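Asker: The structure's right below; bear with me while I get my questions together.
The values are calculated or read from the model by the stated rules, or taken from the named source; none is laboratory data. On a predicted model such as this, the values are computed, not experimentally measured, just so you know. Because the Cβ atoms are built from the backbone with ideal geometry, glycine has one as well, and the counts that use them run over all protein chains shown.
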């Protein structure tokens, strides 16, 4: 009764079926797109600065490859309202947040489509995906944003202050164009990644195959958008010990790759930094695998935790670790809101029960781990609250301290960052001219971070 | 579905009922014993050396206080045969090994008892317990011994060589007197311990109360008969991380106190050594509790693992950690036999299913942890196989190396043994004249390690 009944790579996907809406036969894809009206996808800009804050192409790829199963496309009004009200899809499966295709009235008029039509979505002029126009509807973006993240009134103690423009997730939703197209997505042109993305591209089907091939029974997912310091490494190592009667067989590091914010580590350093952990053997490569998902972080902490659980379950993981301030920014949420979610549910956010204990909920096992710190008296990394009580001596891992060391060109002590990880940061600093995302990087970066092969296409006559 | 449904201190005892056969009212106890034939309990000696290899008083205390629930006394022939054949009591509850009261034909004749009578058991002449003579029977001790521990033929790969006189558990059973009394035990005179035993005496009822009082939901048991080195400490810390969706709230260290072997640490150092871990805060005292059980180790590895699980479930624990060579001596068993037991069962030893997955089995959750080692490249204690792959650099914790350092009076490096623990060893060296059990200690030691208050008693007229 204590053994996890699912096996890594074999755990049912969320909603019961792994979505695959990728047309792999090129000729067929080319036939499908002929004559469709074309719409060029562009990043959603910050209305004030013009800097990209979202690119719908990330969501399209994640839907088509099944990361977001059972979603097959963008939400219709009924789906949106069901998610905002009950955090459920229309067929009852738990779903945490709106997935929307927004479009301006002007562009819609130019396209001249009506419900029942299809649109060819292009990227840099190249055919990319087909969007079925099942429904065109309007909805107040700010209302969507606020209902998605919650309010201090509805969820006291969990939402600590009202969401506003400074919250990047709220801002993404709130600055949408107010008109939406609901309908299925069909990817007709597969993304072509450069290294290091290319070797780490494990969409759900492939990631599941890989887990089965490696003989892993239990795999725990680690969410990241950081170059790993020693504290991150230990949280992974500690969390993997919670399998069932034995530890998890392996850790799946899954980096969220999408829009960036000033001061973030560059994606390449994040991915190769995690690889460095296993290459240098701090976690043996036989039990560690680095992958990524295209997604523009919504920083929705407990709300986003459910999305992460779904994504990693779809990738085949049996366990998912959640820590303090999971996918959080600022002080909008209580720092252990995700713990509350998995332990009791958060009715004030529409999660009436823990997401893994509700009907049509997630199947992945949440693993809650607190902070890892260095204790000089113990002479090691300790887990707050559970292990030693030398609070007065504890040294926290400070991301900003590590950043300031790096900017000065100082190698952080190996107790804080493994030298092999630091070397990766240095390598990408040299290649990209900066260790951290700056304005130049933000404006010059390839977004989405992949190319498409040319594809024959004749527009609507 | 991932939460452990039992709560520490509230988990049902093995067999469903916590046995309590201790008469707490002195007057009543005195009335009960009058006129009974008296039998003085003595240690079971090694026939060759005379050194004690078992004292039945340890089992009497453990039965009476419910450590061995649902046992209420010593086994009858049918019970013994059921345990040897199926590892089950007559009512179907899983039970790993015989619990026997053996007596010589000569003593039996002197006592002049028959089935249906009662015997007053005395210790150093003082009334101690009443034994109901439900059945008097004979059974070949060597057959009991061999059936208890198994054979390479029946359990290939698990039993690696035939058991013999060098195995202390086999030897305990094999040198019993061949005649046994089956029947219930009633303790009429409670043991009086000296410090440090006294403050650490938490029989099941008290230990359960303590867990509830401390508000612990999940508690993991750590079996010990050693002064803890840093490796032991880490195994505990690692194992506690396997709770359900959160780590266990606390660790219950439960030392097995009974007969000793040459070279063992002295009991006082074992107990205070574990206390030193929490006193110095390496594991906060809020999550750590040191206790003991009176029991003469049978070194039955997988067989004994089941007994340990039962004892700690009876004490209120929800989890029990098992490591390499759990309760093992020599190479009789495969070093990960207990892992096999909990993962698949060992049909060749009569455990057709894992003990926690069988009907009328144990409810405690097994947690399997491998070895903790020091890795100089990682700069920390690592868990073999799961974490780093710097095998060539690994430094094992060698108990004998630590012993030889201590004997030389050299303080082991703090990476190996915490200085506060070393101080405890030194303290008891000074008090007892030796840090490790030697012949003088073995022959002069108070066994069982408690006193009894005087009690009025008139023998049979």
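Asker: Looking at A:392, A:377, A:396, A:360, which is the one that is surrounded by fewer than 21 Cβ atoms within 10 Å (Cβ to Cβ) and in contact with a helix residue (DSSP H, G or I) (Cβ under 6 Å, 6 or more places away or on another chain)?
Answerer: Selected residue: A:377, the only one of A:392, A:377, A:396, A:360 that is surrounded by fewer than 21 Cβ atoms within 10 Å (Cβ to Cβ) and in contact with a helix residue (DSSP H, G or I) (Cβ under 6 Å, 6 or more places away or on another chain).
Residue by residue, here is whether (1) surrounded by 22 or more Cβ atoms within 10 Å (Cβ to Cβ); (2) in contact with a helix residue (DSSP H, G or I) (Cβ under 8 Å, 6 or more places away or on another chain); (3) not in a loop (DSSP other than H, G, I, E, B) holds:
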| position | (1), (2), (3) |
| --- | --- |
| B:182 | yes, yes, yes |
| B:185 | yes, yes, yes |
| B:194 | no, no, no |
| B:199 | no, no, yes |
| B:206 | no, no, yes |
| B:209 | no, no, yes |
| B:212 | no, no, yes |
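Asker: Is at least one residue of region A:70-78 surrounded by 22 or more Cβ atoms within 10 Å (Cβ to Cβ), assigned to a loop (DSSP other than H, G, I, E, B) and touching a helix residue (DSSP H, G or I) at 6+ places or on another chain (Cβ under 6 Å)?
Answerer: yes
Asker: When the residues of region A:448-461 are filtered to those that are crowded, with 18+ Cβ neighbours inside 10 Å and more than 18 Å from residue A:226 (Cβ to Cβ), which remaining residue is modelled with the lowest pLDDT?
Answerer: Looking at the filtered set, the residue picked out is A:457.
Asker: Here are some conditions: (1) out of contact with any strand residue (DSSP E or B) (no Cβ under 8 Å at 6 or more places or on another chain); (2) surrounded by fewer than 23 Cβ atoms within 10 Å (Cβ to Cβ); (3) within 14 Å of chain A (Cβ to nearest Cβ). Residue B:47 meets all but one. Which one does it not meet?
Answerer: (3)
Asker: Pairs please, first residue from region A:1-28 and over 17 Å from residue A:362 (Cβ atoms) and within 14 Å of chain B (Cβ to nearest Cβ), second anywhere and crowded, with 19+ Cβ neighbours inside 10 Å and modelled with pLDDT of 95 or more, Cβ atoms under 6 Å, 6+ apart in sequence or on different chains.
Answerer: A:2/A:244; A:2/A:245; A:2/B:365; A:3/A:244
Asker: Here's a follow-up. If you check residue B:129 against the conditions, is it buried (at least 21 other Cβ atoms within 10 Å of the Cβ), over 28 Å from residue B:20 (Cβ atoms) and not assigned by TED's automatic domain parsing to the domain that holds residue B:352?
Answerer: No.
Asker: What is the one condition in (1) more than 20 Å from the chain's Cα centre (by Cα); (2) surrounded by fewer than 21 Cβ atoms within 10 Å (Cβ to Cβ); (3) modelled with pLDDT of 95 or more that residue A:89 does not satisfy?
Answerer: With (1) more than 20 Å from the chain's Cα centre (by Cα); (2) surrounded by fewer than 21 Cβ atoms within 10 Å (Cβ to Cβ); (3) modelled with pLDDT of 95 or more applied to residue A:89, the lone miss is (1).
Residue by residue, here is whether (1) at pLDDT 95 or above; (2) away from chain A (no Cβ under 14 Å); (3) over 17 Å from residue B:327 (Cβ atoms) holds:
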site: B:218; (1), (2), (3): yes, no, yes
site: B:239; (1), (2), (3): yes, no, no
site: B:250; (1), (2), (3): yes, no, yes
site: B:261; (1), (2), (3): no, yes, no
site: B:264; (1), (2), (3): no, yes, no
site: B:270; (1), (2), (3): yes, yes, no
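Asker: Sticking with this one: On the given criteria, is residue B:168 outside the structural domain of residue B:360 (by TED's automatic domain parsing) and touching a helix residue (DSSP H, G or I) at 6+ places or on another chain (Cβ under 8 Å)?
Answerer: no
Asker: On to the next question. If I filter region A:272-294 down to residues being touching a residue at least 40 places away in the same chain (Cβ under 8 Å) and part of a loop (DSSP other than H, G, I, E, B), which single residue comes out as farthest from the other protein chains (Cβ to nearest Cβ)?
Answerer: A:280
Asker: Now, a different point. Select from region B:416-437 the residues that are in a loop (DSSP other than H, G, I, E, B), touching a helix residue (DSSP H, G or I) at 6+ places or on another chain (Cβ under 7 Å) and modelled with pLDDT of 90 or more and write down the one among them that is nearest to residue B:51 (Cα to Cα).
Answerer: B:417
Asker: I would also like to ask the following. Looking only at region A:12-44, count how many residues are in a loop (DSSP other than H, G, I, E, B), buried (at least 18 other Cβ atoms within 10 Å of the Cβ) and out of contact with any helix residue (DSSP H, G or I) (no Cβ under 9 Å at 6 or more places or on another chain).
Answerer: 1
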